[in-house]
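Undergrad: First, the structure itself, so that you have it in front of you.
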Amino acid sequence: MRLLSRSVTIVVVSISLVLLVLLIRYWLCVKQYLFEKEELAQLAKQYAGLDHELAFTKVITELRKKYPGHILPDEDLQWIFVNAGGWMGSMCLLHASLTEYVLLFGSAVDTVGHSGRYWVEISDTVISGTFRQWKEGTTRSEVYYPGDFIVHEAGEATAVQWSAGTWMVEYGRGFIPSTLGFALANTIFSTQDYLTLFYTVRVYLKALLLEASTYLTESGIF
């Protein structure tokens, strides 16, 4: 009886997980998105080749004009270390929801590692430096320079390398919570930098609260 009960439980849980995944996939296919990767890339390309701090300031200003209420205010912008897949970089989150994010990313030192494999499509526009990508199943890598646009498809895995001083504007679309395991695993189990973990979770929650507040305001509820 115990074996039968466990088997039934496993089957029910498995079916529930499959249905949940299918429901999320359907939701991702039919929902409307706030951003388009091509538009963000075009905006970022205008400032490629400039000093990255100046370029980022201009990008933030333009995004606030175009997407009022969806970009975090200056007091919530923070450069936060990211350790994942063997590489180390720094991010500044500008926008995040359950299905999209926009952030500034890069590294002041040479760094290399695994890209991760996500349920999210990630696109980057290089502002400064060089980014090298070695795709799974190939024997050659490609190098990208300021102004170049790179798309990391959902489910894809690559080797990635940033030269010192490489900075980019990044956009992700998909089920964003699915990226957190990879993004936070090294911080939790390797570096054990729990302050960085706190910063990461805090800024994501702030972005979610901003989106909720904007949605309620635009809906006329508040």
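The values are calculated or read from the model by the stated rules, or taken from the named source; none is laboratory data. Nothing here was measured: the structure is a model prediction, and the numbers come from that model. Neighbour counts run over all protein chains shown; Cβ positions are idealised from the backbone, glycine included. The protein model used for the area step is the full one, side chains on, heavy atoms only, and it has no ligands, DNA or RNA in it. Shrake-Rupley method; radii C 1.70, N 1.55, O 1.52, S 1.80 Å.
Undergrad: Place a point 7 Å from Cα of Lys66 in the direction of its Cβ. Which residues in region 114-128 have their backbone N less than 19 Å from it?
TA: Flagged as within label range: 121-128.
Undergrad: Just tell me which lysines come within less than 17 Å, Cα to Cα, of Lys58; anything on the same chain fewer than 8 places away is out.
TA: Those lysines meeting the cut-off are Lys45, Lys66.
Undergrad: If exposed trypsin sites (Lys or Arg not before Pro) are those in a DSSP loop with at most 12 other Cβ within 10 Å, what is the longest stretch of the chain that has none?
TA: 32-139
Undergrad: Distances over 13 Å make up what percent of all Cα-Cα pairs in region 1-50?
TA: The answer is 73 percent, as a whole percent.
Undergrad: Find, among the chymotrypsin sites (Phe, Trp or Tyr not before Pro) in region 24-88, those assigned to loop by DSSP (not H, G, I, E, B) with at most 13 other beta-carbon atoms within 10 angstrom.
TA: Tyr33
Undergrad: How large is log10 I(q)/I(0) at q = 0.11, 0.12, 0.15, 0.16 Å⁻¹ when the Debye formula is applied to the Cα atoms of the chain, each weighted equally and without solvent?
TA: -0.59, -0.70, -1.05, -1.17
Undergrad: Additional query: Helices from the chain with mean Kyte-Doolittle at least 1.6 and a Cα length along the axis of 30 Å or more, per DSSP H: which?
TA: Span-like helices here: 2-30.
Undergrad: How many angstrom lie between the C-alpha centres of region 79-98 and region 131-183?
TA: Cα centres, region 79-98 to region 131-183: 13 Å.
Undergrad: Determine the per residue accessible area of region 1-100 with all protein chains present and a 1.4 angstrom probe, expressed in square angstrom.
TA: Ligands and nucleic acids excluded, the figure is 63 Å² per residue.
Undergrad: Share of Cα-Cα pairs in region 47-115 beyond 14 Å, in percent?
TA: Here the long-distance tail beyond 14 Å is 65 percent of all Cα pairs in region 47-115.
Undergrad: Work out the charge dipole of region 124-222 with +1 on the Cβ of Lys and Arg and -1 on the Cβ of Asp and Glu about the Cα centre, then indicate which of Leu195, Thr217, Ser163 is farthest towards its positive end.
TA: Leu195
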